[in-house]
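Let me begin by presenting the structure, written as structure tokens, before commenting on it.
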Amino acid sequence: MKNSIKKFLCGVLSASFIFSVPCLAFTDVESTSWYYSTVRNMSDKGYLKGYEDGSFRPKNTISAAEFTSIVARIKNISPSAATTEHWASGYMASALENGWYDWDELPPTGEKYNEPITRQLAVKILMKALLPEERGDYGIVSSSVNDFSSISGRYYDTTIAAYSAGIVKGDDKGNFNPSSALTRAEACTLIEKALNKTGISPAEIQEPIQPKTYNTNGISANGKLKVIGTQLCNESGEPVVLRGMSTHGLQWFPQYASESYSKALAQKGSNVRRFAMYTAENGYISNPSLKQTLINGVDAALAQDMYAIIDWHILSDNDPMTYKEEAKAFFKEMAEKYKDEPGIIFEICNEPNGNITWSNNVKPYAEEVISVIREAGSDAVILVGSPEWSQRLDEAAKDPLKGENIMYTCHFYAGTHTQFLRDRISSALNSGLPVFISEWGTSSADGNGGTYLEESQRWIDFMNNNGLSWCNWSLCDKNESSAALNPNTDPTDGISENELTESGKFVFSKF
Ligand code: IDC
């Protein structure tokens, strides 16, 4: 535990802080300085260590991100989905969600994260986080702080509370200097005082939560997949995350199902491919030869050690019931063919939509198709859509399917679907529904517009934080912004950066 305490405070003061050398006194912290005993004290407790050269740099200013993440770690709150690439983004998002500050004070774009934090904001964050019940007397504090009138009104409560609790004293002229920066030494003093007041003991301070890493290996390493709780797992029951590309409609872009593309994708670190066999729009119903295109693609992906999703891509044929009999025959054949193949995943209805419901249309369809697959001897993972283009996880959660190895798809397009849909997924996960993002795009929902990479990054962080598997729409060179490839891409020697569109570059960097 001691080590974790040591890590928690000093680690976030600066990325360049060194943890390994014990440093009971710092070369630049003089025993006559006013902050000596605090810094010494916190260093002795293992909260702080200096820089490699033995200095502490007590007079350097502390940034908003450094200060906030120290407090976040003291409170042991988990980082939320990061809003930017900034190292403290996850903690900042959590702090914002917890109401320690308002978004305009430190916008989630991160533009102010590295700026020195003002005293009034530092005190607000500290009080909201550590001593939210603390109150003070307006009359006493406002008359004793000389520059009280320069404090912004929104900071009155927390500043007054901090003064009353003895956490803030002000300078020797009796000023608070609300808009000034805070040095590292002053930050230590503030934090130590608040900590003493809370009675949080070092032993209660937990190891900061590390960013999650997942097993993203292929079939040979993971074998047959199974769903445990809400998590996709490998044959040994360890969590697995699949990341890869969906094809566009196989009737339009069959060439991208080829083994050379599977190989190029695998080289990029992807471990799954999704094969979108449309039912309508000149898809399988009117053009059954597409089944062979799909099988060829699936076999080629398996040969490259990649999991393969067989996607019954309903779309303009809104109701999965429309072609239920065709679906049953198709999945019976596929399940028999691939029943001993560990790399297969079935997606039985891409996106139900229109005037249908989960309980009246999608669920009864799924029950029939799932029993056909199981009767054929396959216990592969089965992905099930939901109404409104596979977004109504809430309906499915109220009336889930019975059986093993079933996951519910959620589809998003970053230009259209934002926090509300992430919240819906979180609720679904909390209620025990396993979720698989079998299709998402960096564009708007029509497959074009954008790209929306900032929102896409929020989604990526969210999926990472929740161990969600995903396929991106789409691997093709159609002139629409969701497409990953430029025309004339040659995958035989891999796929190079200049063969990727803006979307492709972004997505391929996330495998
Ligand atoms: C889109 C294609 C577009 C095509 C259209 C209709 O990008 O080129 O003209 O389908 O076939 C989905 C669907 C997926 C859509 C995609 C983007 O699953 O088939 O592809 N999308 O609109 N759901 C939400 C978005």
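Structural remarks
- Total residues in segment 395-418, condition over 12 Å from Pro434 (Cα atoms) and open to solvent by 20 Å² or more (accessible area, probe 1.4 Å): 8
- Among the residues of segment 485-511, the ones that are outside any loop (DSSP other than H, G, I, E, B), open to solvent by 10 Å² or more (accessible area, probe 1.4 Å) and within 16 Å of the ligand (Cβ to nearest atom) come to 1 in all.
- Screening segment 256-275 for residues that are within 16 Å of the ligand (Cβ to nearest atom) and touching a Cys at 6+ places or on another chain (Cβ under 9 Å) and picking the one that is nearest to Gly494 (Cα to Cα) gives Tyr256.
- Qualifying residues in segment 419-434 (those that are buried (at least 17 other Cβ atoms within 10 Å of the Cβ) and under 11 Å from Gln391 (Cβ atoms)) - the one nearest to the ligand (Cβ to nearest atom): Leu421
- Tally, over segment 155-204, of residues that are touching a residue at least 40 places away in the same chain (Cβ under 8 Å), basic (Lys, Arg) and open to solvent by 40 Å² or more (accessible area, probe 1.4 Å): 1
- Selection within segment 287-313: residues that are open to solvent by less than 40 Å² (accessible area, probe 1.4 Å) and in contact (Cβ under 8 Å) with a residue 60 or more places away in the chain. The member of this set that is farthest from the ligand (Cβ to nearest atom) is Leu302.
- Just one of the listed residues (Ser456, Ser482, Ser443) is within 16 Å of the ligand (Cβ to nearest atom), assigned to a helix (DSSP H, G or I) and small (Gly, Ala, Ser), and it is Ser456.
- Meets criteria (of a type in the set (Phe, Trp, Tyr), within 12 Å of the ligand (Cβ to nearest atom), touching a strand residue (DSSP E or B) at 6+ places or on another chain (Cβ under 9 Å) and open to solvent by 10 Å² or more (accessible area, probe 1.4 Å)) for Trp389: yes
- Hits in segment 322-346 (condition: open to solvent by 10 Å² or more (accessible area, probe 1.4 Å) and under 34 Å from the mean Cα position of the chain (by Cα)): Tyr338, Lys339, Asp340, Glu341, Pro342
- Test: residue in segment 363-379 that is within 16 Å of the ligand (Cβ to nearest atom), without any contact (Cβ under 8 Å) to a residue 60 or more places away in the chain and surrounded by 21 or more Cβ atoms within 10 Å (Cβ to Cβ): no
- Enumeration of residues in segment 459-479 that are touching a strand residue (DSSP E or B) at 6+ places or on another chain (Cβ under 6 Å), within 16 Å of the ligand (Cβ to nearest atom) and farther than 27 Å from Thr109 by Cβ: Cys471, Ser474, Leu475, Asp477
- Test result for Lys328, more than 16 Å from the ligand (Cβ to nearest atom) and either in contact with a Lys or Arg (Cβ under 9 Å, 6 or more places away or on another chain) or over 22 Å from Lys224 (Cα atoms) (or both): yes
The values are calculated or read from the model by the stated rules, or taken from the named source; none is laboratory data. Just so we're clear, the structure is a prediction, and the values are computed from it rather than from any experiment. Glycine gets a Cβ as well: all are built from the backbone with ideal geometry, and neighbour counts include every protein chain shown. The protein model used for the area step is the full one, side chains on, heavy atoms only, and it has no ligands, DNA or RNA in it. Shrake-Rupley method; radii C 1.70, N 1.55, O 1.52, S 1.80 Å.
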